[in-house]
Amino acid sequence: MKNTENLELELDDNTILSTLFGVNDSNLSIIEKINDVQIQYRGNKIKISGNKKSIFETRQTILDLFEKAKNGDNIDEDKIRDSKSLITMNIKESNQMDFFIQTKKRRIVPRTNNQNKYFELLNTKNIVFAIGPAGTGKTYVAVAKAVAALQEGKVNKIILSRPAVEAGEKLGYLPGDLKEKVDPFLRPIYDALYSLLPFEQVEKKIFNNIIEIAPIAFMRGRTLEDCFIILDEAQNTTRTQMKMFLTRLGKNSQMVVVGDITQIDLVSERESGLKDALTKLTKISDIGFIELNEKDVVRHELVKKIINAYDKNNKN
């Protein structure tokens, strides 16, 4: 390592180390990778090697995770990355309540500065547009915010919608009831729900219509009050559908519109309701816009490299 510096750290409770370090030091390996440092230890004494900024952030991350382990938390990759993010963005412990979304199964923390802005918009705007490539957390964060709002009693219902482009919105030709017809198109949203709430609770809330799954075509004529409404894959709505969807907003409701304008499946990209909305609505102060990019990818590191490779190829 260039300009390598060393920092030593001593922890005061040996009984916590196995939880902190992970099986076969797997947690230490993750910390080394994301901070670009080397970590050695003997007993409860830890030596961190790397550049000055990295070893300081690593020290803070280890101390933060050590306290969580003391409190009985399981330390895994998500916990490590959450801790790293809050330290990198210099979010103090006293202010952290404003920077995470809490659901029954887990706490969601912004991993990048753009995600942090996304969180802020969700706290302050009635309608939020989140645009970006796969893996940036745009849908997951929206679903987490909806689940948290429902748990806190801020809304009475979650409505999840998505254009069924592949079926041309002619869902009658598909077998099964409405839920069975639409399910294949909403699988990413289901995955998010199941990671945020126990399976039985998701199923019960869907059965009781507290969580409603509906294609965008079924929104016409409704006024949605006391709801948290998410439109996923919004790049595949038509201009007419987007206008119809946005004008369903009722009292005490919030909307999040999520999409990727590089993945439009419509016959004509000019017909995309998302692209149209981005040109027409940006001057309305009550609507928030956040554009995420490859730097905000929070899936496997390989996803970021794949997106970069495609972007470079498209430019050439």
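Data table
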{"quantity": "Qualifying helices (runs of 4 or more DSSP H) (wholly inside region 27-146; at least 2 residues being crowded, with 22+ Cβ neighbours inside 10 Å and modelled with pLDDT under 85)", "calculated": "77-88"}
{"quantity": "Residue check, Ser26 among the polar types (S, T, N, Q) and free of Cβ contacts under 8 Å to residues at least 24 places away in the same chain", "calculated": "yes"}
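The values are calculated or read from the model by the stated rules, or taken from the named source; none is laboratory data. What you see is a predicted model; the values in this text were computed from it and never measured. Note: ideal-geometry Cβ built from the backbone for every residue, glycine included; neighbour counts use all protein chains shown.
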